[in-house]
Amino acid sequence: MNLYKIIKQNQKLAEKRNPAFDTNRFAKFLIYFMIVYWAALFLFFGVMLPVMFEELVPNMEPYHIMNQGFIYVMLADFLMRFMAQPSVSQEIKPYLLMPVKRKKLISMLLLKSGLDSYNFMWFFVYVPFAFLTVIRFYGFGGMFLYLLGIWLIFVFNNYWYLLCKLLLGEKTLWLLLPTAIFGALGAAEFLLDGLPISRFTMDLGEGFIEGNPWSFLFIIACIGVMFLINLKLQQRMIYNELSKKEDTKIKHVSEYKFLDKYGEVGEYIRLEIKLITRNKTVKTQFRMGLIVMLGFSFALAFTDVYDGSYMTSFICLYNYAVLPIMTLGQVMSFEGNYIDGLMSRKESIFNLLRAKYYLTTLIILVPFLIMMFPIAKGKITILAAIAYLIFVVGFVFFMLLQLAVYNTRTLPLNANLMKSNKSSNWIQGLVTGCAFMLPLLVDKLLSALLPEAVAHIILIVIGVGFIATHNLWIKNIYKRFMKRRYQNMEEFRASR
């Protein structure tokens with residue numbers, strides 16, 4: 001318990017001592033706003049679901065219907081944890097030099113994760129739901145046992161997420177593990193007779209309400225197994241990370257010689273390529289962007305889920321904008337690790353910004369090729385795909401590169417993705433939000449006033465105008481950056 005208290009106290013002090021704690025008020029306001037928003041939304045669902053279930057399935061109790069959907073709630077919770085919950089492995093590293101056994105330290109951090117308040121998030125749905133449905137048949141005792149079982153399910157889901165997150169940190173190929181598990185559950189549900197998964201979860205929820213010890217023992221055993229798997233993997237991966245065997249392994253290093261003919265801009269393109277391929281945070285962002293892009297594109301091409309002009313435009317623009325927002329949205333933040341070296345050469349920042357623009361323009365050809373699947377299926381026209389591409393390369397890149405002047409927080413190159421994003425400021429949030437939403441608003445406004453083909457041609461003209469003048473506005477960004485370079489350099493150093 002003393003170790004648990006020390007870790008909790010240290011984490012609170014680390015948050016308060018973070019340079020962005022007092023200065024980044026917009027990010028804190030946004031976080032609190034989203035917490036209140038989701039809590040209110042979940043409460044609304046918890047109150048409305050009993051009424052809706054009674055109308056849709058009058059011959060069954062609402063909690064039976066709710067229990068049948070456990071697997072879908074677990075999937076939603078699993079996906080939401082990737083956006084909101086950091087990995088345990090990043091919390092372990094600062095304590096490795098302490099005179100504490102590594103196994104005990106990892107066990108304590110895993111226990112802390114199981115007791116985290118995030119595992120109670122879905123109670124905003126289940127508490128009002130249980131109060132309106134369970135309590136009238138089983139009283140407060142049945143309601144308490146039901147909520148206890150629900151909490152144990154989300155504790156299990158927490159350790160399942162930590163396992164997948166840990167493996168994904170090693171290789172992106174491990175994404176196939178949760179895909180295969182949830183895919184197998186879906187196949188068993190819909191391909192076998194009797195909906196066996198829904199039936200099992202309904203019986204499990206019924207066991208919680210009735211206080212059946214076997215239901216509780218089953219979920220506790222699952223938690224124990226998942227806890228031990230996480231413990232063993234954390235121990236092994238920490239040992240591999242600290243082992244000198246990895247440090248002495250000789251690896252092939254590509255020099256990208258073909259970039260030599262482009263002078264200093266080529267040098268910075270080489271630096272950007274190595275930044276993407278060698279550093280954990282940047283590489284993870286790039287991979288996740290590609291995965292999301294592929295998922296949306298295939299869903300648009302091969303299903304009817306996103307049929308409709310609005311969703312088609314949204315997904316097309318999202319595919320083009322997601323990678324630039326991840327990379328250019330944090331422009332200069334990764335360079336804050338070595339900003340002093342960049343500032344030692346005349347006009348190096350100007351050529352660095354040009355290199356970022358050129359490389360991101362080449363990268364955005366990847367989503368254009370992916371969009372060939374929806375184009376081949378007739379979900380989107382080739383003119384629309386080209387128009388969105390040119391508009392993003394021109395107008396959206398123009399907006400995102402403005403952040404080179406205002407991003408003043410250094411982002412660690414090899415930290416956890418969630419921890420690396422704690423330093424964003426309100427300007428970054430505003431610009432990236434506008435970069436994502438404005439193209440869609442402009443497209444819908446033009447399409448409402450003009451024929452669709454004419455609207456797309458206007459988007460092409462706007463994009464070509466920004467592309468043709470890119471040297472002028474990048475030069476303007478460079479001059480504004482140089483005017484406040486000492487302030488930016490000071491804040492970059494302070495936030496390392």
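The values are calculated or read from the model by the stated rules, or taken from the named source; none is laboratory data. Model, not experiment: these values are computed from the prediction. Counting neighbours? That spans all protein chains shown, and the Cβs are built from the backbone with ideal geometry, glycine included. Side chains are part of the model used for accessible areas, which takes the heavy atoms of the whole protein and leaves out ligands, DNA and RNA. Shrake-Rupley method; radii C 1.70, N 1.55, O 1.52, S 1.80 Å.
Filtering segment 450-496 down to residues that are hydroxyl-bearing (S, T, Y) and out of contact with any Pro (no Cβ under 7 Å at 6 or more places or on another chain), which residue is modelled with the lowest pLDDT?
This residue is Y486.
Within segment 446-474, which residues are under 30 Å from N337 (Cα atoms) and open to solvent by 60 Å² or more (accessible area, probe 1.4 Å)?
Hits for segment 446-474 are N471, L472.
Restricting attention to segment 83-133, and to residues there that are of a type in the set (F, W, Y) and modelled with pLDDT under 85, which single residue is least open to solvent (accessible area, probe 1.4 Å)?
Within segment 83-133, the match that is least open to solvent (accessible area, probe 1.4 Å) is Y95.
Scanning segment 134-143 for residues that are among the hydrophobic types (A, V, I, L, M, F, W, C) and surrounded by 16 or more Cβ atoms within 10 Å (Cβ to Cβ), which turns out modelled with the lowest pLDDT?
V134
Which members of segment 433-444 meet the condition of being at pLDDT 75 or above and open to solvent by 20 Å² or more (accessible area, probe 1.4 Å)?
If the condition is that a residue be at pLDDT 75 or above and open to solvent by 20 Å² or more (accessible area, probe 1.4 Å), then C434, M437, L438, L441, V442, K444 are the ones that fit.
Can you confirm whether N240 is assigned to a helix (DSSP H, G or I), modelled with pLDDT of 80 or more and within 30 Å of G114 (Cα to Cα)?
no
In segment 148-200, which residues are open to solvent by less than 30 Å² (accessible area, probe 1.4 Å), touching a residue at least 24 places away in the same chain (Cβ under 8 Å), over 27 Å from the mean Cα position of the chain (by Cα) and over 16 Å from I223 (Cβ atoms)?
The answer is E189, S198.
So I209 ticks every box in (1) closer than 29 Å to F368 by Cα; (2) modelled with pLDDT of 90 or more but one. Which box is left unticked?
(1)
Taking the stated definitions as given, is Y63 open to solvent by 20 Å² or more (accessible area, probe 1.4 Å) and either hydroxyl-bearing (S, T, Y) or at positive phi (or both)?
no
Select from segment 265-295 the residues that are modelled with pLDDT of 80 or more and open to solvent by 50 Å² or more (accessible area, probe 1.4 Å) and list them in ascending order.
E267, L271
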